[in-house]
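Novice: Okay, here's the structure, questions in a sec.
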Amino acid sequence: LSRPPPRSLCSPPRPPPGRRPAVARAPGAPPGPPPSTPPSRFGVGWGVASPATPLFVPDFATEGWTLRLFPAIVIDRLGKSIEPRFAARYTSSWRMAARLMPASQSADTPLQGISAAFDGAIALGPEISGRPSATTDIRLTHPSLGSGSIGLHVDAADFHIDETIALASRFMTLKTGDLILPCYLPPEVAPTVGSRLTAESTDGTLLSLKIR
């Protein structure tokens, strides 16, 4: 008997005491509450490797580091203090992103210092028009993933895209080309030099990343 692929679990940085997590969702449970703390945001050209560029692992990240996958929502117009009901006007595409970070760093804790920002800290897949499909199956392939690949069933309702854009715009002005990373997907990938990480779905190839 074939088993259904595991569901994705969006897991954002841990909020300050007394505040709700941005997305807290157990597998199979209804979508969690909308975000209440600012999501990760990358400015235009800042620490970002384009889809045509390999991920060059820096010398300080050759051991004890990992790659985590994020949906990256692309902002395509200037915005501040955006209401959730208008947030769809500020984005018309998204990308899959792979972020290089310390393996010892808890995924629930915000990154700081050199682990948060350096050249190539985040690598992008091709830009995909529209919003993430309501539900989709994603196949990840990399030598470090068990038998070499793993399946994920992703529910875009977990991302809370409109609420996340609105929240981010309360704390900062969003600019054309900015990337909003509302949550991450559960698999961790070893950044092995010479390997390739791919992510594919019904939307096509979401990510094809050569690691050097």
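Novice: Tell me, which residue of segment 173-193 that is open to solvent by 50 Å² or more (accessible area, probe 1.4 Å) and either touching an Asp or Glu at 6+ places or on another chain (Cβ under 8 Å) or part of a loop (DSSP other than H, G, I, E, B) (or both) is nearest to SER129 (Cα to Cα)?
Specialist: THR176
Novice: Pull out all pairs, ordered by first then second residue, where Cβ-Cβ is under 9 Å, the residues are six or more apart or on different chains, the first lies in segment 78-92 and is without any contact (Cβ under 8 Å) to a residue 60 or more places away in the chain, and the second is open to solvent by 70 Å² or more (accessible area, probe 1.4 Å) and among the charged types (D, E, K, R).
Specialist: Hits for this filter: ARG89/ARG77; SER92/ARG131.
Novice: Yes or no: segment 175-189 includes at least one residue that is more than 21 Å from PHE86 (Cβ to Cβ) and modelled with pLDDT of 90 or more.
Specialist: Yes, there is a match, as at least one residue in segment 175-189 is more than 21 Å from PHE86 (Cβ to Cβ) and modelled with pLDDT of 90 or more.
Novice: Out of all the residues in segment 194-212, which are more than 15 Å from TRP65 (Cβ to Cβ), open to solvent by 10 Å² or more (accessible area, probe 1.4 Å) and touching a residue at least 40 places away in the same chain (Cβ under 8 Å)?
Specialist: Keep residues of segment 194-212 that are more than 15 Å from TRP65 (Cβ to Cβ), which gives 194, 196, 198-208, 210.
Narrowing the set further to residues that are open to solvent by 10 Å² or more (accessible area, probe 1.4 Å) leaves 194, 196, 198, 200-205, 208, 210.
ARG196, THR198, GLU200, SER201, THR202, ASP203, GLY204, THR205, SER208, LYS210, listed by residue number.
Novice: Follow-up question, since we're still on this one. Suppose we filter segment 157-182 for residues that are touching a Pro at 6+ places or on another chain (Cβ under 7 Å) and on the phi > 0 side of the Ramachandran plot; how many remain?
Specialist: 1
Novice: Identify all residues within segment 144-160 that are touching a strand residue (DSSP E or B) at 6+ places or on another chain (Cβ under 9 Å), under 25 Å from THR66 (Cβ atoms) and either among the hydroxyl-bearing types (Ser, Thr, Tyr) or in contact (Cβ under 8 Å) with a residue 12 or more places away in the chain (or both); write none if there are none.
Specialist: SER144, LEU145, SER149, ILE150, GLY151, LEU152, HIS153, VAL154, ASP155, ALA156, ASP158, PHE159
Novice: Of all residues in segment 118-159, count the ones that are open to solvent by 30 Å² or more (accessible area, probe 1.4 Å) and in contact with a helix residue (DSSP H, G or I) (Cβ under 9 Å, 6 or more places away or on another chain).
Specialist: 4
The values are calculated or read from the model by the stated rules, or taken from the named source; none is laboratory data. Everything quoted here is computed from the prediction, not taken from an experiment. Note that we place each Cβ from the backbone using ideal geometry, even for glycine, and neighbour counts take in every protein chain shown. SASA here: full protein model, heavy atoms, side chains in, ligands and nucleic acids out. Shrake-Rupley method; radii C 1.70, N 1.55, O 1.52, S 1.80 Å.
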